[in-house]
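Following: one structure in structure tokens, then a few remarks.
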Amino acid sequence: MALTRVNRGHPEWVEAIVSDVSHSKCVPQDDMPPARNVTLSLMERIGGQLSRRVPLWWRSFDLPNGALSVSFDDFPKSAWQMGGAVLAQRGVKATYYTSGGLCGRHAMGLRQFDLDDLQAVYEAEHEIGCHTYGHLSAYRHSAAEYAASIKANKRFLEDRLPGLTMQSFAYPYGHAPLAHRRCASRLYLSCRGVATCADRALNRRTVDPSLLMSVGLWAGQRRKRDISSLIADAAERKGWLILSTHDVHDRPSPYGCTPAELDQAISLAQAAGLDIGPVGTMMLRGTTNHTAKGSALPKSPGRSEAEVRGSSGDSATRRCRVLPGR
Ligand SMILES: [Zn+2]
């Protein structure tokens with residue numbers, strides 16, 4: 001009730017934040033089963049909603065057909081063994097946001113990937129993204145600890161996958177306060193969070209590389225997203241829909257999906273004419289398309305225009321070059 005009182009007579013942005021926190025139209029962050037949830041205090045939740053609305057920088061963005069990216073977080077073994085089979089049948093490449101510290105473990109109620117899975121995902125030319133080594137919540141670790149875990153993950157993955165150049169990052173639990181966004185987005189071309197509001201589910205026109213939005217393809221959501229409507233919206237408004245999930249199983253965890261649900265989402269996107277590809281590929285394509293039309297790129301810390309354009313020839317560009325499908 002206190003939140004309702006605050007809502008009266010305040011500017012639109014204050015009302016929107018209050019609305020988010022009071023769950024009137026959004027999927028709440030605690031719409032997560034306790035086994036995987038990091039419980040946030042009220043102040044952390046308010047801070048999280050504020051942070052989501054503060055852009056660190058903008059990139060103008062253009063994907064003329066609209067786009068879909070599929071992403072798997074952590075990643076559970078079934079994301080490759082069953083999810084990878086669906087992707088192969090549909091001829092689609094995805095992004096696997098990987099936490100090295102989960103390798104070979106049974107964690108968060110699921111059997112996680114092992115080195116053979118990691119190698120197979122890489123050889124199948126899916127994108128390997130970073131998800132911190134220790135699967136850290138940004139609300140429970142300082143920016144310095146977070147950065148150290150990102151670097152440890154980079155070392156772990158690059159040591160095992162020669163030639164890997166990671167350019168995509170996803171925040172574990174979707175927790176993305178400003179200090180951690182600043183830290184991660186200096187290291188990666190894009191950093192993905194989780195949309196809590198249906199009206200901000202699509203990435204379009206201008207995107208903040210420090211906080212791309214994704215929609216959970218999760219079995220356990222109390223209010224399931226209407227994926228078919230989101231895909232239709234992406235096609236109509238030329239937006240970029242990023243789906244995030246974990247395990248893929250006939251009886252998935254609350255954070256996973258069935259093979260049929262994954263297949264249906266891809267099938268609908270293909271029928272709607274969306275471009276489909278890994279997050280890193282779509283991020284670079286969207287910014288490059290816009291640049292090719294002659295628009296000036298806004299400046300952003302950590303990367304030059306040449307890096308974003310992906311032109312060849314200098315060392316900075318080579319660091320950010322997108323390998324096909326990776
Ligand atoms: Zn995760």
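What distance in nm separates the two pseudo spin-label positions at residue 143 and residue 164, each 7 Å out from Cα along the beta-carbon direction?
Rounded to a tenth, the inter-label distance reads 2.6 nm.
Each label point is 7 Å from the Cα along the Cα-to-Cβ direction; what then is the distance between the points at residue 125 and residue 41, in nm?
5.0
Loop only by DSSP, 14 or fewer other Cβ within 10 Å of the Cβ. Give me the GluC sites (Glu not before Pro) in region 110-214 that pass, ordered by residue number.
Filter output for region 110-214: 125.
Give the peptides 49-61, 73-85, 130-142 in descending order of average Cβ contacts within 10 Å, highest first. If you can, show how the numbers build up before the last one.
Numbers: 49-61: 17.2, 73-85: 23.7, 130-142: 21.3.
In descending order of packing, they fall as 73-85, 130-142, 49-61.
Where in region 48-90 does the label zone of residue 271 land, with the point 7 angstrom along Cα→C-beta and an amide N cut-off under 17 Å?
The answer is 68, 90, whose backbone nitrogens lie closer than 17 Å to the label point.
Quick note: the coordinates plus some simple rules give every number you see, no bench work behind them. The structure displayed is predicted, hence computed values, not measured ones. Every residue, glycine among them, receives a Cβ derived from its backbone with ideal geometry; neighbour counts consider all protein chains shown.
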